[in-house]
1. Which whole-Hz ³J(HN,Hα) couplings does the stretch A:295-301 yield from phi under the Karplus relation 6.51 cos²θ - 1.76 cosθ + 1.60, θ = phi - 60°, glycine and proline marked x?
2. How large, in Å, is the protein assembly as shown by the Kirkwood hydrodynamic radius built from its alpha-carbon pairs?
3. To the nearest 10 square angstrom, what accessible area does B:T71 show with a 1.4 Å probe?
4. What trypsin sites (Lys or Arg not before Pro) in the stretch A:188-219 are in a loop by DSSP, with at most 14 other Cβ atoms within 10 Å of the Cβ?
5. I'd like to know which of A:Q437, A:G387, A:L351 lies farthest towards the positive end of the charge dipole of the stretch A:348-482, counting +1 on Cβ of Lys and Arg and -1 on Cβ of Asp and Glu.
6. Give a quick list of trypsin sites (Lys or Arg not before Pro) in the stretch A:417-471 that DSSP marks as loop, anything other than H, G, I, E or B, with at most 12 other Cβ atoms within 10 Å.
7. Chains B and A: what accessible area do they bury, summed, in square angstrom to the nearest 100, with a 1.4 Å probe?
8. How many percent of the alpha carbon pairs in the stretch A:99-253 exceed a separation of 28 Å?
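The values are calculated or read from the model by the stated rules, or taken from the named source; none is laboratory data. A quick note: this is a predicted structure, and the numbers were derived from the prediction, not measured. Because the Cβ atoms are built from the backbone with ideal geometry, glycine has one as well, and the counts that use them run over all protein chains shown. Just the protein is used for accessible areas: all its heavy atoms, side chains included, with ligands, DNA and RNA removed. Shrake-Rupley method; radii C 1.70, N 1.55, O 1.52, S 1.80 Å.
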Amino acid sequence: MGTTLSIPDQSTTDLSTTDLNNTDIVETPTAAENTSAQPEHEHDHDHAGHDHTHQHGPVFNPEVTRSVEVTIPEDEVSRAMRSTVKRYQKQARIPGFRAGKVPESLVRARFSERIRQEVLEAVMPQHFQKAITDGNFRLVSQPQVVDMTMEDGKPLWFKASFEVMPEFSVDGYPDVKVEKPSAAFSDEEFAGEVERVRDSRSTMEPVEEERPLVDGDWAQITFTGSVQPAAEGESAKESAPLSGEDVILEVGGSNTLTAFSEALRGATVGQELKFEVNYPEDFGEKRLAGKNVSYDVAVKGIKRRVQPELNDDFAKELGDYSSYEDFKAKFRENLQSEKDRRTETDTRDRLLTALSERFQFPVPESMIQQQIDARLDRGLRSLAAQGMREEDMKRLDFARLRAAQRDSATSEVKSLLILDRIADAEQIGVSDQELHQELELLSLQLREPLDTLQVRLTQDGSMARIREQIRRDKTAKLLYERL
Amino acid sequence: MPTTYTVIRRALITEKGMSVKETEGTLVFEVAEAATKTEVKQAVEALFKVKVNSVRTANFAGKERRRGKFTGFRPDWKKAYVRLKAGEKMPDYVNNL
């Protein structure tokens, strides 16, 4: 029987109660009328937008799972029930009745599921919160209602499980040391870098004088090569002769086949050469691997690679440098700071790994899942940035992806918890000024004005997360500096 | 021989229906047009296991409905007020008759 219900949108369920939707709620009819023919239970929360994996809540790590049992006095439940029914009575539109004239019994029967839900949402969080405070639990997960009885005229009883912050000590963390590599930038390394820049700026100049090719020269050649023997069953394409025109290769260079280097060494312009090349079995190109190719090569020219002089002109060509000395100083500075940064991240990573190994403790599953979510989110966003289409993304095997992220997510959560602990021990705080700096940076990155960003982050609770992040970063930095 | 379920189409759960249920001990149904009072009486007794005192019926002409320029009518129907014997316990309507 069709019923048109127009109840104002009740979909705003707050986070602490959404899990109620996911747990098995023992069927206890609230009214005698509630024996059959319920209007279809309408899911009043929005499934779109977030993936379904955490619909059922993560499977908790038993070592950090605690639960509380809460009993709510009957009169409080029935009071909530009455006021909810009253509200529904006012709003219910049922054919055959004028607005607001629907009898209470009918409202109870018709909307029992929803009313029940609302009553639970009205009374449970508060009592649950009290139980948490009394029990001194530090929740790190959404609570899951694992068991519950709700009957008319009886107190409401439920049992909820959740994960708590693992107990562990970070005593002795200052003793955890890792090697701090020297960040100094040696002259040899610097010379190498300069050489690389010079190479990238070098040009090919034809050699005019007539002389045989020597190592280091670049030979410009035209060649044809036939693959021998053409193995049986090979298609014409595979045994087709190779050819190339005006190919340039370095005699004696590391990217040139030795056979070519040897054949070309000493050759002069205009000379024609014939030689065979035995490609090794593991040659990069399948078609040629393990084959014998006889080549006809004509040397057409000799070129030399000319590197630019290391002088002021070279420096000016590279950028806004006043002289070669200026370039050298700035280049070195850049390289140094880059190396410093690399050394620092690398050392910090190793330090965190060492800390995680030293301090073992059970890691809450819900935190791991959150971390996996965050990682996947980042991954998907970068895929999107690379131009992956949404349909293709939906086809990804999310279960596999999640499983693959698990180990790194776990160790991330671990280091993060350890850092929090150390931050407590060191009494590291985050000043408003530091937060402000971070926000300014973020606002530049996201190209969002600072004030709207601030409002948005405060609303979605990210502000606290950013604060935590800064705190951890400070802690890690401090540990690094002490090494 | 019409069966119980072909006689009684559905319970009419309306303000009026609820009010006569309380004041007069009367159930209200939409019934088959061809159903007689006797058939309704037997059907209600069988369905709710109660004793019926009397049955009054009323025929309703279907309302005109328009869909653009075409006019049509909703089906005609019959309504039955079924008064139970004094002292009978009022059954709950089960919504899906």
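1. Working through the residues one at a time gives 10, 10, 10, 10, 7, 9, x Hz.
2. Working: mean 1/r = 0.0295 Å⁻¹.
By the Kirkwood definition, the hydrodynamic radius is 33.9 Å.
3. Surface open to solvent at B:T71 totals about 80 Å².
4. Details: sites: A:R196, A:R198, A:R201; in loops: A:R201.
Hits after loop and neighbour filter: A:R201.
5. So the residue we want is A:L351.
6. Of the trypsin sites (Lys or Arg not before Pro), the ones in loops of the stretch A:417-471 whose Cβ has at most 12 other Cβ atoms within 10 Å are A:R447.
7. On the way: alone 6610 and 29160 Å², together 34870 Å².
Protein heavy atoms only, the B-A interface buries about 900 Å².
8. Values: 8340 of 11935 pairs.
Roughly 70 percent, once rounded to a whole number.
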